[in-house]
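For reference, the structure is listed below as structure tokens.
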Amino acid sequence: MKIVLLGAPGAGKGTVAKMMAERLGVVHISTGDMLREAVAAGTPVGLKAKSYMDAGDLVPDDVVVGVLMERIQKDDCKAGFVLDGFPRTVPQAEALEKGLADMGLSLDLVVDLVVGEEVVVQRLSGRRQCRDCGAIYHVQNMPPKVDGVCDRCGGRLYQRDDDKPETIRERLRTFEEKTKPLRELYDGAGLRRTIDASVGPEETYQAVVDLLTAEGVLPGREGAAR
Ligand code: AP5
């Protein structure tokens, strides 16, 4: 399976991708998580990315494309992957297509998680994430059993720096301007399918699995990944 999860900030890409990784064994690649790790580790990529991320803007294409292409060439990606947060611009989509073609591969499907802006703002402003394992929670929609503590690993939950109201607004503006054109691009390629992601996480996950099954990307309900 080689799929892209498209969708606005807070649409639920990370939540669905983590469920797919846990339940289907698919490799989940989040450029946002990779960049946050690079920032925390103070690597050269992290130093370049930080100011863009803090401002709610996109990290330059050459930086992100380099990180992503290196990642998908690793052995664990041979059986496929779910891309979460990449591509986000037309040049990134073109670089992905070329990089995959050079490896003799192509995308199976682009799944666009569609939600309204009010839902997105509510989701982002209540999001909490585990510092240790990256699990995603929401103070109202998906609260942890113990406040501030990860159910899975006991790690501490934190609020992302870019989940402040002013940065959320900028990220949504960036999505409108730079990422929405991908819808047309992938419609033209016959690859984009939409999912109503305004429902709960389990229903959204199931709708994605049903879609991938109907499209032949998954062989059977929750079956082995192609
Ligand atoms: P990134 O980390 O990719 O952020 P994003 O795309 O803005 O997406 P989010 O992680 O905010 O949202 P999500 O859709 O994954 O939602 P989630 O599942 O967490 O990128 C961050 C930054 O890195 C960018 O701004 C940019 O600077 C840089 N970057 C990353 N990739 C880049 C690229 N390719 N090019 C350039 N720059 C790049 O859910 C959100 C909340 O809602 C959670 O609290 C969750 O619990 C809750 N929730 C989820 N689903 C549901 C549901 N169905 N019902 C109720 N609540 C739900």
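Values quoted throughout were computed directly from the atomic coordinates according to the rules given, and no laboratory measurement underlies them. Everything numeric in this text was worked out from a predicted model, so none of it was measured. Here Cβ is always computed from backbone atoms with ideal geometry, including for glycine, and neighbour counts include all displayed protein chains.
Overview of values
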read-out: Square roots of five times the Cα gyration tensor eigenvalues for segment 96-204, Å; value: 30, 18, 15
read-out: Solvent-free Debye scattering, log10 I(q)/I(0), computed from the Cα coordinates of segment 141-183 at q = 0.21, 0.22, 0.24, 0.34 Å⁻¹; value: -0.75, -0.76, -0.80, -1.09
read-out: Length gained when the stretch A21-E117 is fully extended (0.36 nm per residue, less Cα-Cα span); value: 31.9 nm
read-out: Dipole magnitude (debye, nearest 20) for the chain, charges at Cβ of Lys, Arg, Asp, Glu; value: 420 debye
read-out: Exposure proxy order (Cβ contacts within 10 Å, fewest to most) of V65, V82, V217; value: V217, V65, V82
read-out: Mean Cα-pair separation over length for segment 1-134, i.e. relative contact order, pairs under 8 Å, 6 or more apart, %; value: 44 percent
read-out: FRET E, pair E97, E202, Förster distance 22 Å, beta-carbon r, rounded to 0.05; value: 0.10
read-out: Cross-link partners of K74 among aspartates and glutamates (Cα-Cα below 20 Å; sequence separation of 8 or more within a chain); value: E22, D33, E37, D62, D84, E97, D102, D108
read-out: Spread of Cα-to-Cα distances over 10 Å intervals beginning at zero, given as percent, for the chain; value: 8, 33, 40, 18, 1
read-out: Computed Kirkwood radius, in angstrom, where 1/r is averaged over Cα pairs of segment 1-108; value: 14.3 Å
read-out: DSSP-defined beta bridges in the chain - what % are antiparallel, rounded to 5; value: 30 percent
read-out: Given K18/K48; K2/K98; K50/K164; K98/K178, the pairs whose alpha carbons are separated by over 22 Å; value: K18/K48
